[in-house]
Amino acid sequence: MVPKRTSSRLGWAAIALFAGCALIPLTSAAQSPSPSRAMSGRNRAPRYVEPNPVSFDSHPGWQSLFNGKDLEGWDGPPGVWTVESGLIVATSTTANPTGSTYLIWKGGEPANFEFKVEMKLVGQGANSGIQFRATRLGAVPGKKYSAWDTRGYQADFDTLNSNSGALIECCAGSRRGVPPRPFRAFRGQVVRTAPVLGQKPTLLATFGDPVTLKSDISGDGWNQVHLIARGDMMVYVINGHLMSVLYDDNPSMAASKGLLALQLEGRGDIKAEFRNLWLKHLP
């Protein structure tokens, strides 16, 4: 049985520990196993089973979010987000800058889910990310494309990989509504958000060097992104390498569900390209 959201505050590690341990009755010296029972133990299956490597292209039970032809099922600024050669493409130019722009999936507000996408950035200074469990902020008079602005968690990604692999809260809330919190789970970090606004987040653990993890990300090529959100825990994987883990159990700010969106921001002549978008809802 999958624990309810309130139970997720125990942490996945504790749940996995209890799930993986069976209770074994104690045996006294007078009740030691017979030779036949001891012999049968030699034929038992191994205590541990090695996991199978995950295949990024395996999609049983997943929902495709892109038909490869048009933006059916998506909502974004016309002319900015297009489909070219079977790819979702967002374009900003020096002559016609878009600022931060979003393409929002219209299929609902995923709560617990896994999301897979291949993404590629083109142009110096291109910045992108996957926005999730987000809310729509509403249009601001005189601000172009503001009708698609969102605020929520983001799996960040940029051309220079200065912040690629980080889980943050983003983006336009400082100009309207509640400002995004300044926490960041950077590459190689497990971070817990602050329980009270104004306090600093907590670094629970480190599992890798951010510079080494950066080398596992292509700044100008295709990257396979795998994002998992379940309960209070969010996991960000790029090209099969764990990048960051965020634990948000703030009683007033943590979001349990919300919009899923793609992002492009930056300056100059830049593009963000996406393909192979898949979603799997979790209990």
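Quick grid of which residues meet (1) within 24 Å of PRO179 (Cβ to Cβ); (2) of a type outside the set (Ser, Thr, Tyr); (3) open to solvent by less than 40 Å² (accessible area, probe 1.4 Å):
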residue: GLY198; (1), (2), (3): yes, yes, no
residue: ALA205; (1), (2), (3): no, yes, no
residue: HIS226; (1), (2), (3): no, yes, yes
residue: VAL235; (1), (2), (3): no, yes, yes
residue: HIS241; (1), (2), (3): no, yes, no
residue: LEU246; (1), (2), (3): yes, yes, yes
residue: ALA254; (1), (2), (3): yes, yes, yes
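Any idea which of VAL117, VAL83, VAL89 is assigned to a strand (DSSP E or B) and open to solvent by 40 Å² or more (accessible area, probe 1.4 Å)? If you could, list the steps in order and put the result at the bottom.
Numbers: VAL117 fails: open to solvent by 40 Å² or more (accessible area, probe 1.4 Å); VAL89 fails: open to solvent by 40 Å² or more (accessible area, probe 1.4 Å).
Answer to the check: VAL83.
Listed here are the residues, each with its yes/no results for (1) of a type in the set (A, V, I, L, M); (2) on the phi > 0 side of the Ramachandran plot.
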site: LEU71; (1), (2): yes, no
site: VAL80; (1), (2): yes, no
site: THR91; (1), (2): no, no
site: SER100; (1), (2): no, no
site: LEU103; (1), (2): yes, no
site: GLU114; (1), (2): no, no
site: LYS120; (1), (2): no, no
site: PHE132; (1), (2): no, no
site: GLY138; (1), (2): no, yes
As an exercise: evaluate HIS59 against (1) part of a strand (DSSP E or B); (2) touching a Phe, Trp or Tyr at 6+ places or on another chain (Cβ under 6 Å); (3) open to solvent by 30 Å² or more (accessible area, probe 1.4 Å) and give the number of the one condition it does not meet. (1)
Does the range 241-252 contain at least one residue that is within 19 Å of THR135 (Cα to Cα) and small (Gly, Ala, Ser)? yes
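In the range 219-241, which residue that is of a type in the set (D, E, K, R) and not in a strand (DSSP E or B) is nearest to MET253 (Cα to Cα)? Even if it seems obvious, please write down each step before you answer.
Kept after step one, since they are of a type in the set (D, E, K, R), are these residues of the range 219-241: 220, 230, 232.
The next check asks that each one be not in a strand (DSSP E or B); those that pass are 220, 232.
Details: ASP220: 35, ASP232: 11 Å.
In this case the residue turns out to be ASP232.
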Mind listing whichever residues of the range 207-218 are outside any loop (DSSP other than H, G, I, E, B) and crowded, with 16+ Cβ neighbours inside 10 Å? PRO210, LEU213, LYS214
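Determine which member of the set THR150, THR212, THR202 is touching a Leu at 6+ places or on another chain (Cβ under 7 Å) and among the β-branched types (Val, Ile, Thr).
Details: THR212 fails: touching a Leu at 6+ places or on another chain (Cβ under 7 Å); THR202 fails: touching a Leu at 6+ places or on another chain (Cβ under 7 Å).
From the options THR150, THR212, THR202, the qualifying one is THR150.
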Residue ID - most open to solvent (accessible area, probe 1.4 Å), chosen from residues in the range 120-147 that are of a type in the set (Val, Ile, Thr) and assigned to a strand (DSSP E or B): THR135
Of the residues that make up the range 93-106, is at least one open to solvent by 40 Å² or more (accessible area, probe 1.4 Å), at pLDDT 95 or above and of a type outside the set (Phe, Trp, Tyr)? yes
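The values are calculated or read from the model by the stated rules, or taken from the named source; none is laboratory data. Note that the structure is predicted; figures quoted are calculated from it, not measured. Neighbour counts are summed over all protein chains in view; Cβ atoms, including those assigned to glycine, are modelled from backbone coordinates with ideal geometry. Each accessible area value is taken on the protein alone, full model and side chains, heavy atoms only, with ligands, DNA and RNA left out. Shrake-Rupley method; radii C 1.70, N 1.55, O 1.52, S 1.80 Å.
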